[in-house]
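Enquirer: There's a structure below that I have some questions on.
The values are calculated or read from the model by the stated rules, or taken from the named source; none is laboratory data. Owing to the predicted nature of the structure, the values given are computational and were not obtained by experimental measurement. Positions of Cβ are backbone-derived with ideal geometry, glycine not excepted, and every protein chain shown enters the neighbour counts. Accessible surface is based on the protein model in full, side chains and every heavy atom, while ligands, DNA and RNA are left aside. Shrake-Rupley method; radii C 1.70, N 1.55, O 1.52, S 1.80 Å.
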Amino acid sequence: MSVLGRPLARLEGREKVTGSARYAFESSPPGVLYAWIVQSTIANGTIREIDSGEALGMPGVRFVMTWQNALALNDAGDAELLVLQSRQISYRGQVVALVLAETLEQAREAAAQVSVTYDSEPADVSLSTTHPRLYAPAYTNAMFATDSVVGDVEAALGAAPVTIDATYSTPAAFNNPMEPHATVAEWHGDDLDLLDATQGTNWARETISAVFGLPPESVRIRSQHVGGGFGSKGPTRPNAVLAAMAARLVGRPVKIAYTRQMMFGLSGYRSPTISHIRLAAEADGRLTAVSHEAFGQVSPIQEFVEQTAVPTRHMYAAPNRLTTHRVVALNLPTPSYMRGPGETPGLYALESGMDELAAALGIDPVELRILNEPAIDPESGEAFSSRNLVGCLRRGAERFGWSARDPRPAVRRDGRWLVGTGVAASIYPADVVPSTARITAYPNGRFELAVNATDIGTGARTVVMQIAADSLGVEASCIDVRIGDTALPAAAPAGASWGTASWGWAIMKAGAALLEALQTTPRIPDSGLSVLSDTAEEVAAMTKMARFAFGAQFVEARVDLESGEVTVPRMLGVFAAGRILNPRTARAQFVGGMTMGLSMALHEDAVVDANAADYANRDFASYHIAAHADVPDIDVEWLDEEDGNITPTGGKGVGEIGMVGTAAAVANAVWHATGIRVRDLPIHPDKLIEQLPSPY
Ligand code: MOS
């Protein structure tokens, strides 16, 4: 059996469970100072005055950085990183000062004594589809077109025998990886050294060198172990800029970490979304129109447009289609990447709508989706590199026991519980970005793989080792792996489900070239024989094609008639995600994604307090994320698929596809159990209880 496809355990597993794996904040260079952030207490206005006098007189305090004494920074395209550059405040929680002290406790104590006065203006914090300042952005996140129009949706809706017109909404959602954002910064002359909690140090270096006006080669960033990211550690966050700036000004190393409360604002989050879905179908179930109008928010300082309606462009073969995105700038923190941007909230809406359509037509929801399966990508007209959504739906239905399902809602009772099942489909882009990798052979028979991949807990370190071993035809134990350092060959970030495919391609290319070089090398020098690969040319030359991973989620939900509480005893996900390179780590990705989808459907709910003009719940007591007791035994299977139209590994990314359809499948199961269609996530008991029949 090839080393690819083996369920190898994570290389750093022992270090993680014994605590010897170090996150960025756990490193303390000699002379390090601790930083504590002071955040604005108004949501809109200007700083009148900052009085640091008392703080500076406190024990151990060395410096208080404000807009008046901070370094001037360059705009690198993300205004979130222009920290301490002006008096302007655009949302509550923006950084207004940074206190540097000898200990964490001293910095924290002094931060509370920094006195800031403001000239406050009214704040606007409420998103609606009728907000007067809604506008059409130039493009969405990831540079997708804002709108798309094919055919005549209005005419098709007017002529169709069956239509659905419904609005679905999702609340703001905060990423909250286990490891908060943290940076240790140290200058050596004009060279900057960062340990940073980031999903990609090459991207971080590009940003940091631009912000500070440094040549990239004088910035080194390392991220040996990263405790989760979910998108929030994709782009560089203010913590890295603050640490670097403070270290420069005080001439000592500086370390900084967000508190859990700071994570709710300074690390990005998913915009709340509102999706107006309209579907039209013939009586036989064939879609004639799909319309998805999406609404979201941005902040006054930075535009990040959740691409909510983009996945709808690729899902079903309706001849008439419309998608739009409208946003409004509100005095709230800046949205950013969060667990399957676009696909996750967008497919919740579309796949809920498809379930409503199936019920209106009297057609099984699995069959309705299969009936509307496109032969080519509806948006681009391009061929799919592979599209096995039908296979996922059919296999899932079989494994889940779908054929025995009674389609009628609210007719299954088990004591005080109503029971139902639901299904939804998933899609997520399977893209690659250029990467480089170096493999070195040594005379003792060992090989070193050097690739600037990042392991955010996914098992990346392990799978790149497997790919290298496979490319060389040796055992995995012969490979020493080096990742997470800009001193290594540049590679894709661990984001957008790009990592494994992108790194893998570069590694396979390096491995093949090294084998060739070894043929003509009579004796490997003691310093080793190295080959460096680069996939820039291959990636640029890729044929135009629609490349996506697919999946289908099946869910059983039980609703307590007494309390309205929803529990999910059973979930199944079947995926078509190309060749699975490590079944153990891939399964964990699918299960993790489905857990996040469950959490989104039933629990996570960021609530805006209009008086405070801010999110009110900023800890794990009030912002509930699915915990062990909420999560059932999740069953995962994947189809035997190998997609040679993406990379020679045959694989697609598995990081985000698991989450995408899950929330819709849960909501659809709740409808099937109760007959109540909750169109506003999360499905908390208060949205069900009043409409449920008496349990007695
Ligand atoms: Mo993912 S939200 O693209 O890191």
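Enquirer: Measuring with a 1.4 Å probe in the full set of protein chains, what accessible area per residue, in whole Å², belongs to the chain?
Expert: 36 Å²
Enquirer: How would you order 459-466, 298-305 from highest to lowest mean count of nearby Cβ atoms within 10 Å?
Expert: By packing density, highest mean first, the sequence is 459-466, 298-305.
Enquirer: Take the alpha carbon atoms of the stretch 104-191, find their radius of gyration, then divide it by 2.2 N^0.38 Å using N residues; give the quotient.
Expert: Its radius of gyration relative to the 2.2 N^0.38 Å reference: 2.02.
Enquirer: Let me ask something else about it. Between beta-carbons, use under 15 Å as the cut-off and find the net charge around L368, counting Lys and Arg +1, Asp and Glu -1.
Expert: -4
Enquirer: Counting every Cα pair in the stretch 433-540, what percent are over 19 Å apart?
Expert: That fraction is 37 percent.
Enquirer: Using alpha carbons only, how many angstrom separate the centre of the stretch 342-381 from the centre of the stretch 450-509?
Expert: When both Cα centres are located, 36 Å separates them.
Enquirer: Next question, about the same structure. Please give the peptides 613-624, 500-511 ranked by average Cβ packing (other Cβ atoms within 10 Å per residue), highest first, as a rough proxy for protection.
Expert: Those peptides, ordered most packed to least, come out 500-511, 613-624.
Enquirer: To the nearest 0.05, how large is the calculated FRET efficiency for S128 and E537 if R₀ is 41 Å and r is the Cβ-Cβ distance?
Expert: Computed FRET efficiency for S128 and E537 comes out at 0.25.
Enquirer: In whole Hz, with x marking every Gly and Pro, tabulate ³J(HN,Hα) for the stretch 129-138 from phi via Karplus 6.51 cos²θ - 1.76 cosθ + 1.60, θ = phi - 60°.
Expert: Once rounded to whole Hz, the list reads 6, 10, 4, x, 9, 4, 9, 8, x, 5.
Enquirer: How large a share of the accessible area of the chain, in percent, is made up of carbon and sulfur atoms when the probe is 1.4 Å and the other protein chains stay in place? Each step should come with its number before you reach the end.
Expert: Details: 13000 of 25320 Å².
Of the solvent-accessible surface of the chain, carbon and sulfur hold 51 percent.
Enquirer: May I ask you to compute the full-extension gain from D51 to S2, defined as 0.36 nm times their residue separation minus their alpha-carbon distance, rounded to one decimal in nm?
Expert: 11.1 nm
Enquirer: Kyte-Doolittle cut-off 0.0, length cut-off 27 Å along the helix's own axis using Cα: show which whole DSSP H helices in the chain pass.
Expert: What comes out of the filter, once short or polar helices are dropped, is 499-519, 583-602.
Enquirer: Residues of the stretch 295-334 with the amide nitrogen closer than 11 Å to a label point 7 Å from the Cα of V149, along Cα-to-Cβ, please.
Expert: 322-323, by backbone N distance to the label point.
Enquirer: At most 16 other Cβ atoms within 10 Å and a DSSP loop assignment: could you name the GluC sites (Glu not before Pro) in the stretch 590-660 that fit?
Expert: Passing sites in the stretch 590-660 are E642.
Enquirer: Excluding V61 itself, calculate the net charge of residues whose Cβ lies under 9 Å from the Cβ of V61, where each Lys or Arg counts +1 and each Asp or Glu counts -1.
Expert: Result for the neighbourhood of V61: -1.
Enquirer: Sorted by packing (mean other beta-carbon atoms within 10 Å per residue), highest first, where do 574-581, 184-191, 645-652 land?
Expert: Numbers: 574-581: 26.9, 184-191: 16.5, 645-652: 23.4.
Highest mean packing first, the order is 574-581, 645-652, 184-191.
Enquirer: From the convex hull of the Cα coordinates of the stretch 491-600, what is the mean projected area in square nanometres?
Expert: Averaged projected hull area, Cα only: 11.2 nm².
Enquirer: Let me ask something else. Roughly speaking, what is the stretch gain from A138 to S120, that is 0.36 nm per residue apart minus the C-alpha to C-alpha distance, in nm to one decimal?
Expert: Details: separation 18, 0.36 × 18 = 6.48 nm, distance 3.06 nm.
Gain on stretching A138 to S120: 3.4 nm.
Enquirer: Net charge near R48, counting Lys/Arg +1 and Asp/Glu -1 over other residues with Cβ under 11 Å of its Cβ?
Expert: -2
Enquirer: Could you give the spread of the C-alpha atoms of the stretch 1-148 along their three principal axes, from largest to smallest, in whole angstroms?
Expert: Principal-axis extents of the stretch 1-148 (Cα, largest first): 68, 58, 28 Å.
Enquirer: List residues of the stretch 392-415, by number, whose backbone nitrogen lies under 19 Å from a label position 7 Å along Cα→C-beta of E373.
Expert: 392-403
Enquirer: In nm, what is the difference between 0.36 nm times the number of residues separating V411 and D630 and their Cα-Cα distance?
Expert: 76.4 nm
Enquirer: Next up: How large is log10 of I(q)/I(0) for the chain at q = 0.10 Å⁻¹ when the intensity is taken from the Debye formula with one equal scatterer per alpha-carbon?
Expert: With one equal scatterer per Cα and no solvent, log10 I(q)/I(0) is -0.98.
Enquirer: Give the calculated FRET efficiency between Q261 and R523 to the nearest 0.05, with a Förster radius of 60 Å applied to their Cβ-Cβ distance.
Expert: 0.50
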